Structure formats: structure tokens, C-alpha cells
Amino acid sequence: MKYRIAAVFFLLVFCAAGVFAAEPPQAKKLKVYISVDMEGVVGAVTGDQLGPSGFEYVRFREFMTREALSAVNAAKEAGATEILVSDSHGNGENLLIELFPPDVRVIRSWPRHLSMMAGIDESFDAVIFIGYHASTANVSGVRAHTMSSATLTSVKLNGVEVPEGGMNAAIAGHFGVPIVAVSGDDAAVAEVRKFTGAIPGAEVKRAISFHSAATLTPKTAQDLIRARVKEGVQQRATAKAYVLRGPVTLEITRSDARLACVRRVSGTAANGAQPPEPVAAL
Ligand SMILES: [Zn+2]
């Protein structure tokens, strides 16, 4: 009898072990956010590539998409389990969403909270910048500007001039998330590293002037991005989030003093509030 009880006991133990062994190991969660701009995409140098009215736009939105896809694939190779991509250039409707894997989500168009970083929160583990450009204060970058080339000549956070990459690094840093890789021209990559430290960077072109660059070819650029992003996601533990001390001061300088005037908006807000009175230009 004793032997029979022992046999049943061992059978149950082995069955239980078998059940547990049959379950696949749980993949460790790794959420990656990819913010994609266009001025820093391979070969982009003028408005001819950067907007729907440009004669090369159709081809270049595909190059932009392929660069974003290179980052997506690299992140997956490095273990990413969830990826959110934000289309953060121009009208926010550039990326060819049908080319992305089915498990990726893409944020499009405006307006949206946190702009080029819409959807970021503390659940993410790493951020990647693709197609980024240098700041308006940087004389050496291709299409260098910050947020609006037409209206802003300087953007500072806590007294420090920031490119869009610096601003977006601070937003990610607010949630404790580090930037782990960046692509763009050499000026953009160098500028972003001032805020992130020496993260892997894919320099897809070398800036010659505001409208000129010595560029890689698309396939070479995509391969470079894939290699650098994979490296960045793998090394994410060494990347540091860019965290600003509060209270944060935002200082902007406009190209024309009249732009500082608040325009009166007609109508009444949904909550019944009246729009503010216009103030004098600074
Ligand atoms: Zn842009």
C-alpha cells in the first residue's frame, strides 16, 4: 500500500512538473518608443523632399518609413515586446503605415498632447529618435530649426538652448525613460548627445550647409540605423534619462515681435469661458 501511495505521489509530481515545463517562458516586457522626424532622413536637404508639394516627397516618405522600420526591426531583435511609433514631421501623416508589422502602433497627425512624444509614459523602457535635425541655434545642421523654422529663433529649457531632441529627451526624462539611439545628420546626432551622453548614433548624412549634405544611400543608411538602434536598445541599462530640475523654465525667442501678440479668438469655449483679451506685442 505504502509503495502504491508513493507511486501516485511521484506520478502527480511529475505530471505537475510536466505541466509547468510545457508552459512557454514569459517574455520580459520591453516597451520601446520611436519618434520619427524627416529632415534627418537620408538624402533630405530641401523642401523638395519634405512635404506633399515637393517633387521628391513620395519617394522620401518611403525612405522615412524604411528608416523607422529599421529601428522597429532592430528594437525587436534586441527584445522589444511592444513598440509605439510617432509620426512627428509636418502634417504627421508621412509614414506608410501599411508597411509596419501588425503589432506596432503609430501615432499620426495633430494636435496631440506631448507633440513629438505623444503617448510616452513611465511604462516605456527606451526611446529612439529617427530622422532628427539640429536646433535653430546650430549653424551647421541641414534644415536646422526648433519646432518652427518660420517663427522661433531660440528655445531654452532652464536657460539651456535645446534642439527638438533635447526637448523630447526632457519629456522622456520626466517619465524616467532614457534616449538610447538617434539618427540624423552629423550635427543633429552630436547635439542630441549633449543631452543623452554618448548613445549610439547613425549619421546618415554629413551637413555641408542648411540645404546641402554629403549623404549615404538609403539602403546603407537603413543598415546603419538597424545596427546602431540594436546596440542602443541592448545597452539601455547604461543610458541615463535626461531629467530637468523643477520648476522648469521655458524661454522662446520669436523671429518677429508681432508674433508674441496673443490673437483674439472668436466664439466661446465649450465650458462657457470667454477667450482672453489680446495683449500688446512685446
Ligand atoms: Zn520635421
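Every number in this text was worked out from the coordinates using simple rules, so none of it is lab data. Source: prediction; values computed, not measured. Don't worry about glycine lacking a Cβ; one is built from the backbone with ideal geometry, like all the others, and counts go over all protein chains shown.
Over all other residues within a Cβ to Cβ distance under 13 Å of Leu95, the charged ones net out to -2, with Lys and Arg as +1 and Asp and Glu as -1.
Evaluate the relative contact order of the stretch 34-171 (contact order divided by residue number), counting alpha-carbon pairs under 8 angstrom at least 6 apart; express in whole percent. Walk me through the numbers before you get to the answer.
On the way: 213 pairs, mean separation 36.5, N = 138.
So the answer I get is 26 percent.
Rounded, prolate or oblate: which fits the stretch 67-123, taking a ≥ b ≥ c as square roots of the Cα gyration tensor eigenvalues, rounded meaning a/c under 1.5, else prolate when a/b beats b/c? Judged from the Cα gyration tensor, the stretch 67-123 comes out oblate (a/c at least 1.5, b/c at or above a/b).
Overall, the anisotropy analysis places the stretch 121-220 in the oblate class: the square-rooted eigenvalues a ≥ b ≥ c of its C-alpha gyration tensor yield a/c not less than 1.5, with a/b not exceeding b/c. Listed by chain and number, the lysines placed with their C-alpha closer than 27 angstrom to that of Lys31 are Lys76, Lys194, Lys219, Lys230, Lys240; residues fewer than eight positions away on the same chain are left out. Distance between the 7 Å Cα→Cβ label points at Met147 and Ser123: 2.8 nm. Under the combined filter of DSSP loop state and at most 13 neighbouring Cβ atoms within 10 Å, the stretch 47-150 retains these chymotrypsin sites (Phe, Trp or Tyr not before Pro): Phe55.
The listed peptides 95-101, 170-176, 108-114, 29-35, ordered by packing as a protection proxy, come out as 29-35, 170-176, 95-101, 108-114 (highest mean of other Cβ atoms within 10 Å first).
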